[in-house]
Amino acid sequence: MTTPLAVSGIELDAARTLLARMGITPTDLLDIRPPAPTFADYIPIMRTRVESPSTLRTYNTHWKRLEREWPNRRIDEPDQNEIIAMRDAARLDAKRDRNARDGRGAAEAMISALRFLYRHAEADGLIRSGDNPAKTAAKPRRVPSNRRGLQLEKLAQIAQVAATTGNDPDLDTLLLRLHAETACRRGGALGLRPDDLDEESCLIFLREKGKKTRWQPVSPTLMAQLLHHARERGAQPGEQLLRYRNGRPITRRRYDGLWTRIGLELPWVEKQQITTHWLRHTTLKWVERNFGFAVARAYAGHAGGKSDGATPTYVVADLDEIALALATLTGEPHPLALAA
């Protein structure tokens, strides 16, 4: 029988120091973590933890791929090379159009979806931090967007097609005006509710990307159109405002169909893959050129980042400045712009 060797205090201290430098705890040595689940078992749990519907749509595309290709693999089995291979496969299979930028967006989204999954696996005690294979898998470098502001005559052509084609011109022209005036994203428009309309102040309450919220000025004409739309189509408080004639809430598919139809009438729209987000570029470019960067940033609902330094803290544009920009853009007086 072998007699255990006595260990001195100095040796124990040295061992503790070495383990600490390696990021290993006594619990890690015992390896008392529960068995890691398979991707097929764990991804449904992840779907319940994504708070943003738009983020869930993005991640879900790539989680479905993982469920197809790695359904029975435990989440602690893939290594970094396999994660990179999955990223590259997503990039190769991405939709190819003029705005796709060589599949970089799909590859970035795949890494983001995997990092979300593995962050939660760490928090759930299923893997150690050092065993996270997605943490250091690089995202592709972003390239400048092809989107840009449109010329006034181009906007007029788009509006003309929306107003004279399709099964619901009133809805389509309302959508275009809403985005052109406010520069809001699709998610902001789809999230509008009747109780988000402040008729007296001509403001709408927007909920957008990253759970950011803001009051955004609109023209009296647009406010009247939104109120009429809500009444005519039966939108109740707390429910989605934008609806089809039968009272059913619209979805992103309405936008897709709208731009497909406009592209059939205006070939340049289809060739350049113009979408609603181009209206945001158009409006914000005009605001920046005429009212400066601070007003344009506030108009867009952007918050200053750490890289911007401290200056933006002191030069934030007020709501009355945004309202003045809108009033100038639309040629209609705004109740908040009167005091500017």
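A few comments on the model shown:
- Within the range 125-164, restricting attention to residues that are touching an Asp or Glu at 6+ places or on another chain (Cβ under 8 Å) and modelled with pLDDT of 95 or more, the residue that is farthest from HIS62 (Cα to Cα) is ALA163.
To keep it simple, each residue is scored yes or no on (1) exposed (fewer than 15 other Cβ atoms within 10 Å of the Cβ); (2) under 27 Å from ALA337 (Cβ atoms); (3) in contact with a strand residue (DSSP E or B) (Cβ under 8 Å, 6 or more places away or on another chain).
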residue	(1), (2), (3)
ALA162	no, no, no
GLY166	no, no, no
HIS179	no, yes, no
THR182	no, yes, yes
ARG185	no, yes, yes
GLY210	yes, no, no
ARG214	no, yes, yes
HIS229	no, yes, yes
GLU232	yes, no, no
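- Qualifying residue in the range 210-233 (condition: of a type in the set (Val, Ile, Thr) and touching a His at 6+ places or on another chain (Cβ under 9 Å)): yes
- Hits in the range 134-160 - residues which are within 28 Å of ARG177 (Cβ to Cβ), of a type outside the set (D, E, K, R) and either touching a Cys at 6+ places or on another chain (Cβ under 6 Å) or part of a loop (DSSP other than H, G, I, E, B) (or both): SER145, ASN146, GLY149, LEU150, GLN151
- A single entry from ALA156, ALA137 fulfils the requirement of being free of Cβ contacts under 8 Å to residues at least 12 places away in the same chain and either surrounded by fewer than 16 Cβ atoms within 10 Å (Cβ to Cβ) or within 27 Å of the chain's Cα centre (by Cα) (or both): ALA156.
- Looking across ARG142, ARG147, ARG115, ARG104, one residue alone is outside the structural domain of ALA90 (by TED's automatic domain parsing), surrounded by 14 or more Cβ atoms within 10 Å (Cβ to Cβ), under 19 Å from the mean Cα position of the chain (by Cα) and not small (Gly, Ala, Ser). It is ARG147.
- For the condition over 20 Å from the mean Cα position of the chain (by Cα), acidic (Asp, Glu) and not in a helix (DSSP H, G or I), GLU82 does not qualify.
- Hey, ASP28 over 30 Å from PRO267 (Cβ atoms), among the acidic types (Asp, Glu), at pLDDT below 95 and part of a helix (DSSP H, G or I) or not: yes
- Boolean, LEU222 is loosely packed, with under 14 Cβ neighbours inside 10 Å and in contact with an Asp or Glu (Cβ under 9 Å, 6 or more places away or on another chain): no
- The single condition from (1) exposed (fewer than 12 other Cβ atoms within 10 Å of the Cβ); (2) modelled with pLDDT of 95 or more that PRO35 fails is (2).
Okay, residues lined up against (1) in contact (Cβ under 8 Å) with a residue 12 or more places away in the chain; (2) within 18 Å of the chain's Cα centre (by Cα):
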site: ARG243; (1), (2): yes, no
site: ILE250; (1), (2): yes, no
site: ASP256; (1), (2): no, yes
site: TRP259; (1), (2): yes, no
site: ARG280; (1), (2): yes, yes
site: THR283; (1), (2): yes, no
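The values are calculated or read from the model by the stated rules, or taken from the named source; none is laboratory data. Quick caveat: nothing in here was measured; it's all calculated off a predicted structure. Cβ coordinates were reconstructed from backbone atoms using ideal geometry, including for glycine residues, and neighbour counts include every protein chain displayed.
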